[in-house]
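Trainee: Could you have a look at this structure, given as structure tokens, before my questions?
The values are calculated or read from the model by the stated rules, or taken from the named source; none is laboratory data. It should be emphasised that the depicted structure is a prediction, and the values quoted were computed from it without experimental measurement. Positions of Cβ are backbone-derived with ideal geometry, glycine not excepted, and every protein chain shown enters the neighbour counts. Heavy atoms of the whole protein, side chains included, go into the accessibility calculation; ligands, DNA and RNA do not. Shrake-Rupley method; radii C 1.70, N 1.55, O 1.52, S 1.80 Å.
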Amino acid sequence: MTSTQEPAPLPAVPPGVHPFPHAHLLGIEGLKPWEIGFLLSEAEHWVELSRSAHKRDDRLASLTQINAFFENSTRTLLSFEIAGKRLGADVVNMSVQSSSMKKGETLLDTALTLNAMHPDVIVIRHDASGAVALIASKVDCPVLNAGDGRHEHPTQALLDALTIRRRKGRIEGLKVAICGDILHSRVARSNFHLLAALGAEVRAVAPPTLMPAGIERFGVTAFTDMDAGLEGADVIMMLRLQRERMAGAYLPSEREYFHFYGLTAKRLATAGDNVLVMHPGPMNRGVEIESQVADDIARSAITEQVEMGVAVRMACLDVLTRARRGAAGWEARA
Amino acid sequence: MRPLAITGARVIDPASGTDATLDILVADRTVAAIGKSEIPSDAQRIDASGLVAAPGLVDAGVFKSEPAAFLAGGITRTLLMPDQSPVIDDPALAERAQRIGKPHVWVHPLAAATRGLAGTELAEVALMKAAGAVAIATGRRQIASSAVMYRLLQYAAAFDLVTVVHAEDAALTEGAEATTGEIATRLGLASAPAIAEAIAIARDVRLAEAAGARLHIHKVTTAEGLDVIRAARQRGARITCGTAPAYLLLNDEAVTGYRTFTRLSPPLRSEDDRRALLGGLADGTIDCLTSAHDPRGQDEKRLPFAQATPGMSGAETLLALAISAGENADVPLARLIAMMSATPAAIFGVPGGTLAKGAPADIVLFDAGAPWRIDASKFVSASDNTPFDGLPVQGRVKWTVKGGEIAFAG
């Protein structure tokens, strides 16, 4: 399904500028367009490796990667585990909500414990916004944010961008509608920053109760009318609706939500002809997206997003560990 | 006890309208004379040339009693919020609370409005008044039930007790960590709109008017909150209010980077609200300035923002930050001092707050122009959580006299 044309070039790293001078990847906000472009271009060749029979590159051999997940996750954890293993790292998964945090250990105690085991990279998911940055400030190795509260989920935005670029050939100038529970979504926030940095026209579509304040300051146009928000869209990103939103009086019912904010085949007709449909998963079929839309292989990129996730995470793990591996041109940051 | 002679100070006593270079003679724990007088030969002397002498500060609404920190901040009297462990909701606890500052500072307890501050059953507020409580307070939270609040205010009116309220609508602010706006959205923090304050003030002042009661807003922090207060005063409502310097000097951008020392209750507001608050300081809508001293240990702050406990250590920086805010709002020093002495003393009917002859000899001597940099590592307070660490300020406390004795020398 990849675009037949050669994709438009990504923002080039200016001469004399380091392509990624950051110790950690905590969010998309603040990244330069070429830094995003650099990660995306690095991810491209991991796509090819992952499609080959010999899915192995040993550049992270003898390095230890800890996936510390303080919040439930199956898909993201699996994606990071596979990414690390394909690069040859020793990957250890730690599901924290079930262990020491319940015994009263603080987050920083846990961080220091992890640090004492000399990991070479830590991938962290936490349900509190800012928690990953807090841990990063206390450990000696690169930290990769796998989602913190409602704040950011940078690898999701990167994999979305990689998917769009491969399918659409570009990002700049595309009309991208992000739809659903924007208020509680870290995926939406990271995507706002990334898509704005790469020059897309971004729309946020949500019921008023799930639309955060000040969203226009992200360079985003807000729509509470989904049909208006989808008009002429090149890409539609659907967000998962948590079922507890009914209890919080954000919404009357799933039925009403689906009626006004569900992505149906009929509604899809208002978007552009070759619109691309995306979803970070896991989907609630019949709540935010109609099954026939999700399964329409000509338009839906949902499984491709999962594939790109592994490639993007391989790129991030590689780039973040270059300094400690003494890769040429990266030593100075160690 | 030896008499104390303070010579050469610029005496600012808002209660008597004094602002002149005068001597103060203290004897028998009270102000014996102001102006030229015979200094007894055995008197202890402080040469206060170049310093301001003002009434010891009266801090209307602190959450923790830390006498040494108060004295270092020039504070000689505090009104202690009932949110203690245990909650001050019983006459014996009110009586005990009065003694916790002795002999260094006066602690005037505020009676919990409801048992355990749970917001459901009235506490024995009149018995607590008899035991020394100077007013009633709802503590860190609003009383969510309008019915309970109405009955409380009716009851308070009969016993001529002021009710100090935390003005944030309880339901609207439940779970909120920040004020709704761009910063909260950017950081992904749970938020409540700033109007939660105006809603709470509007409800409480209407109930207070209906009940014939006096209401004091512990910390007003928003433009719309101020407007509600102004409108209520026009109707003749008996409403007074305070604020803390943080709301006059910081906006919610300070939260960027998830700095848990900026997590306060109410949360920091927008720049528009901050400017409106300076306006409220200048036009006299705001009656009092309080440190709202609420020191927090590292265990309560070295956490993700959502899990950190609100509050800041404010006692030692109250005066200097008030002077900074006053400069931003063009408020003369004498009025600022009144907001931290005569006015709160008058609202709550506590002694002090003046240097008139015969008043308790509670005096702060400070260098109004001395520049210094706030250094939390040098705080006397057990907690160093201030969002102002490193800030250059003016106005340094040199001496604090309580009951005629030198209680702090800086």
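Trainee: Under the condition of being open to solvent by less than 20 Å² (accessible area, probe 1.4 Å) and in a loop (DSSP other than H, G, I, E, B), which residue from region A:26-55 is nearest to A:Gly130 (Cα to Cα)?
Mentor: So, considering only residues that are open to solvent by less than 20 Å² (accessible area, probe 1.4 Å) and in a loop (DSSP other than H, G, I, E, B), the one nearest to A:Gly130 (Cα to Cα) is A:Gly27.
Trainee: Any idea which of B:Leu152, B:Leu110 is open to solvent by less than 10 Å² (accessible area, probe 1.4 Å) and assigned to a helix (DSSP H, G or I)?
Mentor: Step by step, each of B:Leu152, B:Leu110 is checked, and only B:Leu152 is open to solvent by less than 10 Å² (accessible area, probe 1.4 Å) and assigned to a helix (DSSP H, G or I).
Yes/no per residue for (1) open to solvent by 10 Å² or more (accessible area, probe 1.4 Å); (2) within 24 Å of B:Arg335 (Cα to Cα):
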{"site": "B:Arg259", "(1), (2)": "yes, no"}
{"site": "B:Ser265", "(1), (2)": "yes, no"}
{"site": "B:Asp272", "(1), (2)": "yes, yes"}
{"site": "B:Ala276", "(1), (2)": "yes, yes"}
{"site": "B:Leu281", "(1), (2)": "no, yes"}
{"site": "B:His293", "(1), (2)": "no, yes"}
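Trainee: Filter region B:197-223 down to the residues that are part of a helix (DSSP H, G or I), surrounded by fewer than 24 Cβ atoms within 10 Å (Cβ to Cβ) and more than 21 Å from the chain's Cα centre (by Cα) and list them by number.
Mentor: B:Ile199, B:Ala202, B:Arg203, B:Arg206, B:Leu207, B:Glu209, B:Ala210, B:Ala211
Trainee: What are the residues in region B:171-185 that are farther than 19 Å from B:Leu303 by Cβ, open to solvent by 50 Å² or more (accessible area, probe 1.4 Å) and either touching a His at 6+ places or on another chain (Cβ under 8 Å) or without any contact (Cβ under 8 Å) to a residue 24 or more places away in the chain (or both), if any?
Mentor: Passing the criteria: B:Glu174, B:Thr180.
Trainee: Just a yes or no: is a residue in region A:67-84 surrounded by fewer than 24 Cβ atoms within 10 Å (Cβ to Cβ), aromatic (Phe, Trp, Tyr), more than 14 Å from chain B (Cβ to nearest Cβ) and not in a loop (DSSP other than H, G, I, E, B)?
Mentor: Yes, region A:67-84 has at least one match.
Trainee: Right, something else. Which one is nearest to A:Leu77 (Cα to Cα), of the residues in region A:129-163 that are assigned to a helix (DSSP H, G or I) and within 10 Å of chain B (Cβ to nearest Cβ)?
Mentor: Here the residue is A:Val132.
Trainee: While we're here: If A:Glu231 satisfies all but one of (1) of a type in the set (Asp, Glu); (2) at pLDDT below 95; (3) in contact with a strand residue (DSSP E or B) (Cβ under 9 Å, 6 or more places away or on another chain), what's the number of the condition it fails?
Mentor: So A:Glu231 meets the others, but not (2).
Trainee: Look at region A:275-285 and say how many of its residues are farther than 22 Å from A:Arg170 by Cα, touching a helix residue (DSSP H, G or I) at 6+ places or on another chain (Cβ under 7 Å) and open to solvent by less than 40 Å² (accessible area, probe 1.4 Å).
Mentor: Number satisfying all stated conditions: 1.
Trainee: Can you tell me which residue is nearest to B:Thr285 (Cα to Cα) among those in region B:343-368 that are open to solvent by less than 10 Å² (accessible area, probe 1.4 Å) and either in contact with a His (Cβ under 8 Å, 6 or more places away or on another chain) or outside any loop (DSSP other than H, G, I, E, B) (or both)?
Mentor: Across region B:343-368, the extreme among qualifying residues is B:Pro344.
Trainee: To continue, here is another question. Say we look at region B:84-101 and pick out the residues that are in contact with a strand residue (DSSP E or B) (Cβ under 8 Å, 6 or more places away or on another chain) and in a loop (DSSP other than H, G, I, E, B); which of these is surrounded by the fewest Cβ atoms within 10 Å (Cβ to Cβ)?
Mentor: B:Ile100
Trainee: Out of (1) open to solvent by 50 Å² or more (accessible area, probe 1.4 Å); (2) more than 21 Å from the chain's Cα centre (by Cα); (3) within 13 Å of another protein chain (Cβ to nearest Cβ), what's the single condition that is false for A:Ala213?
Mentor: (1)
Trainee: Then there is this: What is the one condition in (1) in contact (Cβ under 8 Å) with a residue 24 or more places away in the chain; (2) over 24 Å from B:Gly242 (Cα atoms); (3) out of contact with any Gly (no Cβ under 8 Å at 6 or more places or on another chain); (4) of a type in the set (Asp, Glu) that B:Asp28 does not satisfy?
Mentor: For B:Asp28, the failing item is (3).
Trainee: Something else now. Mind listing whichever residues of region B:74-96 are among the aliphatic types (A, V, I, L, M) and within 24 Å of B:Thr354 (Cα to Cα)?
Mentor: B:Ile75, B:Leu79, B:Leu80, B:Met81
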